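Q: For reference, the structure I am asking about is given below.
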Amino acid sequence: MSPSRGLHHLRLHLRLNIRTPTLHLRLRNLHTTPRNLYPLSGRPLPPPQSPLLPLTHAHPTQYTLPTLLHSPTPPRHQLYISTSVSPFFNLSLEHHIFSHYRPPADTTTPSSILLLYINASSVVIGRNQNVWREVNIPEILATHEDIAELEVEVIGEGKENVYTELVRRRSGGGAVYHDLGNLNYCVIVPRERFLRDEHAEMVVRALGGMEGGNKSGSEGSTVTDSTTTITTATDLATRKLGVNVRHDIVLTTGTVSPSGRITEESGEGVGDVKVSGSAYKISRDKAYHHGTLLVTADTRNLGRFLGSKARDAITGRGVQSVRSPVTNIVTGGGRGEEGAEMVMKAAERIVREWGVKYGLGEDVWGVEGARKLDGGCEVGICYVTEEELLNASYGDAMARNEVVVESTETSGGNADTSNTSLPVLQPPTVADTAASVRDEIVEGIMELRSPEWVFGQTPKFTFTIPLDGSGEEVVCIEANRGIITDVTGPGVVKDKGVPGARADLVGRKFDGGVVGHVMEQHFGGRKPGVGKWCKEVLGRADSWVQGTRM
């Protein structure tokens, strides 16, 4: 950031004291007063507390995001733990860290970044997916309607009115559901050292022994296939974690090697059950692997939010999610504080295994403290707090900074200011960097919240509307990047210049409300309820149609 841009975030107070030859210049941060962050994060009410927050109290550290990630000589290994539960914030933070990670020139020595975070109730789709095909939009939007009746999200509760976000991430892969019982991890490494299964296997080694978790729980083990929750006769608690050929972490009855890879698949008729999915991003000199871990999540919400009613009516481009049976790593329990403790325990285990893998030992926090005392640093640890980062109130340099310039010219006790030359002010380096970090992450949040990103990123597709019971007469609506490009079918073009469905739809945003209104207007007499059906299966996203933030 240029000095002039940095000064934009600072208020300059100039006071000239006539009695003394001292010119006081005070730089005060504009954002020291806390502000309501919930509109920026997309939530109408205060978010729940992250289960990772106790880690920040148990293991204090002095690093901040600007002083660690943006250091001229950062440590080769860095650990970041976010205490935010906003998916918009955490995905923007992840993108920022990846963008500014600088792989060492010497790639023979390992280098890595580990980021851990938890999102409140949200559905996250891949960059190249069709949001209408993957997601039950009406069900998600129903959680936004009556703010007065919103309930506090509790791990494992599965309450009906928990506010649920809809997010499109910047990486590929399929659609997933997040809540407070779902732990997200991201590992960033130089591209030359990237192996697709390496860190999934690291997670398996870390969590070995947690399978089954609360085995004395009163509930039976359950498996969810994304549409229906079913009780299974298989005792999931006897299974082991392993990485399969699809790079997923599963509970298996097969043979698992010490590294964490499944070397012999489960027996015939005994399918593996998924507990984690992965996505990847590879650039010119670096790559990351991020994944979800169902620790104590409410798996019933997967079927509720991921079961799109329009799935069978949509064809076209875009990555389709692979539907698999899923369950939690910890089965038969994990409500409230107990569930939060299990998620935190999983996070601690992953940090320890990451330390072992990269030669830091199990006590990563202790290693950081020892290295700092020695004047060197192999690992740096940073806790990223949403309120602090978005207010740019980092460290001493972001507090009330003062610059005092002494004038040496005096005359009879009065200050001679006729030739006083004010110095060129340079904002403090850390302050300037922190403001730049804040600006970039806020920009990322606003992009992720933009309906043009969530809906307008959708690849080309066709939505087919049946006009009769046989399915022989249909109206086909084609859309690309969320904009309707063509409409075909009987009666979509009227004679004698009368506007038909095609003329009323082409060029407009694809949405259940828009499509439903036009279809009911032109075809309601022929097929009663066709407009209502479109709205029910597609949903009515006013933010998309009106161009407002999610």
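Q: Give the residue list of GluC sites (Glu not before Pro) in the stretch 121-198 that are DSSP loop and have at most 14 other beta-carbon atoms within 10 angstrom.
A: Glu145, Glu151, Glu160
Q: Check each of the trypsin sites (Lys or Arg not before Pro) in the stretch 242-322 and keep only those in coil by DSSP with at most 14 other C-beta atoms within 10 angstrom; list them in order.
A: Loop-located and lightly packed - Arg246, Arg284, Arg317.
Q: Of the cross-linked pairs Lys159/Lys274; Lys240/Lys309; Lys159/Lys527, which ones have a Cα-Cα span greater than 31 Å in the structure shown?
A: The pairs that break the limit, which is 31 Å between Cα atoms, are Lys240/Lys309; Lys159/Lys527.
Q: Okay, moving on. With a 1.4 Å probe and all protein chains left in place, how much accessible area per residue does the stretch 271-340 have, in Å²?
A: 38 Å²
Q: Can you put Ser259, Ser111, Ser470 in order of accessible area, largest first, using a 1.4 Å probe?
A: So the residues, ranked largest to smallest area, are Ser470, Ser259, Ser111.
Q: OK, next. Quick check: with the 1.4 Å probe, what order do Lys357, Lys345 take by accessible area, largest first?
A: Ranked list, largest accessible area first: Lys345, Lys357.
Q: For the stretch 85-163, what % of the accessible area comes from carbon and sulfur atoms, probe 1.4 Å?
A: 47 percent
Q: Just how much of His70 is accessible, in Å², when a 1.4 Å probe is used and the result is rounded to the nearest 10?
A: 50 Å²
Q: Exactly which GluC sites (Glu not before Pro) in the stretch 463-535 are in a DSSP loop and have at most 14 other Cβ atoms within 10 Å?
A: Filter output for the stretch 463-535: Glu472.
Q: Next question. Mind jotting down the three principal axis lengths of the stretch 469-550 based on Cα atoms? Whole angstrom, largest first.
A: The principal-axis extents, from largest down, are 38, 27, 19 Å.
The values are calculated or read from the model by the stated rules, or taken from the named source; none is laboratory data. Keep in mind it's a predicted model, so treat the numbers as computed, not measured. Neighbour counts run over all protein chains shown; Cβ positions are idealised from the backbone, glycine included. Please note that ligands, DNA and RNA were not included when accessible areas were found on the heavy atoms of the full protein model with its side chains. Shrake-Rupley method; radii C 1.70, N 1.55, O 1.52, S 1.80 Å.
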